[in-house]
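Undergrad: Starting off with a structure, shown below.
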Amino acid sequence: MGSVQLVEWPEAIVRVQALSDSGLAAIPAGYIRPQAELPSLSTGVDAADASIPVVDLETGGEAVAAVAEACRAWGFFQVVNHGVDPSLVERAVEVWREFFRLPMEAKQAYANSPATYEGYGSRLGVDKGAILDWGDYFFLQLLPEKFKNQEKWPGLPTHYEQSKATVQEYGDELVKLCQRLMKLLSLSLGLDVNRLPAAFGGDDAGATLRANYYPKCPQPELALGLSAHSDPGGITVLLADDAVKGLQIRKDDRWVTVQPLPGAFTVNIGDQIQILTNAVYKSLEHRVVVNAEKERLSLALFYNPKSDEVIEPMEELVTAERPAMYSPMTFDEYRLFVRSEGPKGKSQVQSLQKKPHVLRNHAFVHDQLQTSGRWGPGGEGLAFAAMINYRLH
């Protein structure tokens, strides 16, 4: 069986910022959504309905109960009194604003590839001819340290080391917040405080940071900044642009625009938590709309399981009445779906819902990986080919 190699983009990369800055009146055809995916630029619901739950992290037991309620009802919530220094947040945002204002040739020095996605990018997925998102981004590996590529860490020409240090400090503080949230999630499920952290691989859990830049779009009614998807990882902590709304979540089959609170972080459940909790908590589909008048910047911290940790429903949440709903899979195997096909709703997590033949194919995946010795990034091609095999049979 051949392997899938995610090495090069299938088409020449066009920077969305360059398109926007060119002053074009109509967006290229490759960014126009089909009728069923055209964005709604209003909430479609009353403002009160659009307010996702807010959790005050300084309220102890009340925070645990609030997290449980938010995760069961929404899969999204905002956190306040989170302990991250507001001045650090402001400095991190300014570093990324300055980066995206750099001349194109300076940014191009950090151009990424689909092999790891680290660096400056403008597309997700390697399907040739796919509809593209109206946005650029910068993707960084934070943890584990051994996977961090220092050559992809940007520094601003005017204050190179200081800007890199700010990005690192911001990442460190957000990782601490994620570790705190993981313990809250454990308690909210009635489990030991360290149960979910242990399921993520303990101190070997992973973290990545993506700075999202959505330039002004002359036809926002035809495009999306980020396609509808659920996050493939564990939890996401988003610093949204509270001056320019854009994040929409799919709630009760309606797209609802999130109203970010100043100073708050938006937290959402990813697919790995859905699998571990046996769908007690579910990831929620979301997308980003764009704006004709204003650019938008957001920072997303993704906290993920250890890359070769096998993720499956936790035994405490599996009963005779609620048997395990998902087949085991490592996070390395799982995220290759997104790296190859880009964001596509909840199709990946839904494909893992158990069927009688799945366990046979999972054994095949592990046999192949163990034979090759390829569990980390070097084995992604084989892992992806094996994953596709059991998704299609």
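The values are calculated or read from the model by the stated rules, or taken from the named source; none is laboratory data. Because the structure is predicted, anything quoted here is derived from the model rather than measured. Don't worry about glycine lacking a Cβ; one is built from the backbone with ideal geometry, like all the others, and counts go over all protein chains shown.
Undergrad: Scanning the stretch 163-197 for residues that are of a type in the set (S, T, N, Q) and assigned to a helix (DSSP H, G or I), which turns out modelled with the lowest pLDDT?
TA: By that ranking, first place goes to S163.
Undergrad: Among (1) closer than 30 Å to R101 by Cβ; (2) touching a residue at least 40 places away in the same chain (Cβ under 8 Å); (3) surrounded by fewer than 21 Cβ atoms within 10 Å (Cβ to Cβ), which single condition is L187 missing?
TA: Condition not satisfied by L187: (1).
Undergrad: Taking the stretch 92-116 on its own, how many of its residues are in contact (Cβ under 8 Å) with a residue 60 or more places away in the chain and among the hydroxyl-bearing types (S, T, Y)?
TA: Adding up the residues that qualify gives 2.
Undergrad: Let me ask you something else. Restrict the check to the stretch 155-162 and report whether at least one residue is part of a strand (DSSP E or B) and either touching a helix residue (DSSP H, G or I) at 6+ places or on another chain (Cβ under 7 Å) or not acidic (D, E) (or both).
TA: Scanning the stretch 155-162, I find at least one residue that is part of a strand (DSSP E or B) and either touching a helix residue (DSSP H, G or I) at 6+ places or on another chain (Cβ under 7 Å) or not acidic (D, E) (or both), so the answer is yes.
Undergrad: Okay, next question. Can you confirm whether K176 is out of contact with any Cys (no Cβ under 9 Å at 6 or more places or on another chain) and closer than 19 Å to T236 by Cβ?
TA: Criteria met by K176.
Undergrad: Residue check: is V280 among the β-branched types (V, I, T), surrounded by fewer than 24 Cβ atoms within 10 Å (Cβ to Cβ) and closer than 24 Å to V175 by Cβ? Lay out the reasoning, then the answer.
TA: Working: among the β-branched types (V, I, T): yes; surrounded by fewer than 24 Cβ atoms within 10 Å (Cβ to Cβ): yes; closer than 24 Å to V175 by Cβ: no.
No, not satisfied.
Undergrad: Show the residue pairs meeting these rules: Cβ distance below 7 Å; 6+ apart or different chains; first residue within the stretch 156-178 and over 18 Å from P144 (Cα atoms); second residue small (G, A, S).
TA: Pairs found: L156/S163; E161/G155; S163/G155; T166/A92.
Undergrad: Among the strands (runs of 3 or more DSSP E) lying completely within the stretch 18-127, list those that include at least 1 residues that are touching a helix residue (DSSP H, G or I) at 6+ places or on another chain (Cβ under 8 Å), surrounded by fewer than 17 Cβ atoms within 10 Å (Cβ to Cβ) and modelled with pLDDT under 95.
TA: Correct list: empty, since no element meets the threshold.
Undergrad: Count, please, the residues in the stretch 209-237 that happen to be surrounded by fewer than 24 Cβ atoms within 10 Å (Cβ to Cβ), out of contact with any Gly (no Cβ under 8 Å at 6 or more places or on another chain) and not charged (D, E, K, R).
TA: Residues that pass the stated criteria total 5.
Undergrad: Does any residue of the stretch 271-283 turn out to be closer than 30 Å to G202 by Cα and among the small types (G, A, S)?
TA: yes
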